[in-house]
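Chemist: Take a look at this one; I'll ask things after.
The values are calculated or read from the model by the stated rules, or taken from the named source; none is laboratory data. Remember, predicted model here, so these are calculated numbers, not experimental data. Positions of Cβ are backbone-derived with ideal geometry, glycine not excepted, and every protein chain shown enters the neighbour counts. Note: accessible area is taken over every heavy atom of the protein model, side chains too, but ligands, DNA and RNA are not part of it. Shrake-Rupley method; radii C 1.70, N 1.55, O 1.52, S 1.80 Å.
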Amino acid sequence: MKEQVYIVEDEPDIAELIQLHLEKSGYKTRHFISGARFFEEIKKSHPNAVILDLMLEDMDGLEICKRIRSDPKNNDMAVIILTARAEEIDKIVGLELGADDYMTKPFSPKELVARVKAVLRRSLKTPETTHGIMHFANILTLDKGKFQVLVHGKPVEVTTTEFKILEILISHPGWVFSREKILDYIWGYEKAVIDRTIDVHIRHLREKLGDAGAFIKNIRGIGYKMEE
Ligand code: CA
């Protein structure tokens, strides 16, 4: 599944330029002319990242950023602010309000794409859960505090790597994670590990999880996801 980037921008030419470059790099994009339309849409859908213009007709981009961050549901939504206002103060305020990155106009579309890529890698962080316990399908439980996996309430022995793979998959049920993303999450992307090592870990995990192992689905040519 392609990663989705929403663009909130009141200048159609700029939005079109950004969309063109992002789509060329394999992202799905949608453009919103106003903050109101964007918020209307995210009630129904959930982009991976948002590129946010600060000077819009209906809302201040910083307000939009604040509103995005005030809802924990959007924790995994990366925000990149794009604006003609180059003052340092905006930059600081933007980052304090929870923006992941900041670019000033005029901008290089290529650099913008590179930044989108970078924030999407970074936004893939450990999910916050109550008491560090995650459940899946009433069968599978992950206890981060105890570093324990339970299937039907019974502990299952897994390795650190297997635990982390399971953790990332359960954190976003239904999301497809590429092997590269899983590797990034486990080892950090400076470490070069062959893609196929993930398949071996997944195979072991499935065996150990018994009937819960079937929830880990392989998406041909892309990666893995957790689904009932
Ligand atoms: Ca504008």
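Chemist: If you project the alpha carbons of region 127-226 onto their three principal axes, what span does each projection cover, largest first, in Å?
Modeler: 35, 25, 23
Chemist: Could you compute the net charge surrounding T160? Neighbours are other residues with a C-beta less than 13 Å from the C-beta of T160; K and R count +1, D and E count -1.
Modeler: Working: positive: K144, K164; negative: E157, E162, E167.
Here the count lands on -1.
Chemist: Of all DSSP beta bridges in the chain, what percent run antiparallel (nearest 5)?
Modeler: Details: 18 of 36 bridges.
Once the DSSP bridges in the chain are tallied, antiparallel ones form about 50 percent.
Chemist: With a Cα-only, solvent-free Debye model of the chain, what are the log10 I(q)/I(0) values at q = 0.09, 0.13 Å⁻¹?
Modeler: -0.43, -0.82
Chemist: Give, rounded to the nearest 20 debye, the magnitude of the charge dipole that region 4-123 has about its Cα centre when Lys and Arg contribute +1 at Cβ and Asp and Glu contribute -1 at Cβ.
Modeler: Numbers: 18 positive and 22 negative charges, 141 e Å.
Dipole of region 4-123, to the nearest 20 debye: 680 debye.
Chemist: Same structure, new question: Could you count how many Lys pairs in region 4-123 have their Cα atoms under 21 Å apart, skipping same-chain pairs fewer than 8 positions apart?
Modeler: 17
Chemist: With a/c under 1.5 counting as rounded, go ahead and sort region 4-123 into rounded, prolate or oblate using the C-alpha gyration tensor (a ≥ b ≥ c being the square roots of the eigenvalues; past the cut-off, prolate if a/b is larger than b/c, else oblate). Could the numbers behind the result be given before it?
Modeler: Numbers: a/c = 1.18, a/b = 1.05, b/c = 1.12.
Note, shape of region 4-123 comes out rounded.
Chemist: Relative contact order for the chain: what percent, with Cα pairs under 8 Å and sequence separation of 6 or more?
Modeler: Working: 333 pairs, mean separation 29.0, N = 228.
Over the chain, the number comes to 13 percent.
Chemist: Another one. Give, rounded to the nearest 20 debye, the magnitude of the charge dipole that region 127-226 has about its Cα centre when Lys and Arg contribute +1 at Cβ and Asp and Glu contribute -1 at Cβ.
Modeler: Values: 14 positive and 12 negative charges, 42 e Å.
Computed charge dipole of region 127-226: roughly 200 debye.
Chemist: Please give the solvent-accessible surface of Y185 in Å², to the nearest 10, using a probe radius of 1.4 Å with every protein chain present.
Modeler: Estimated to the nearest 10 Å², Y185 gives 30 Å².
Chemist: Rolling a 1.4 angstrom probe over the protein heavy atoms, how many square angstrom per residue are accessible across the chain?
Modeler: On the way: 12070 Å² over 228 residues.
Result: 53 Å² per residue.
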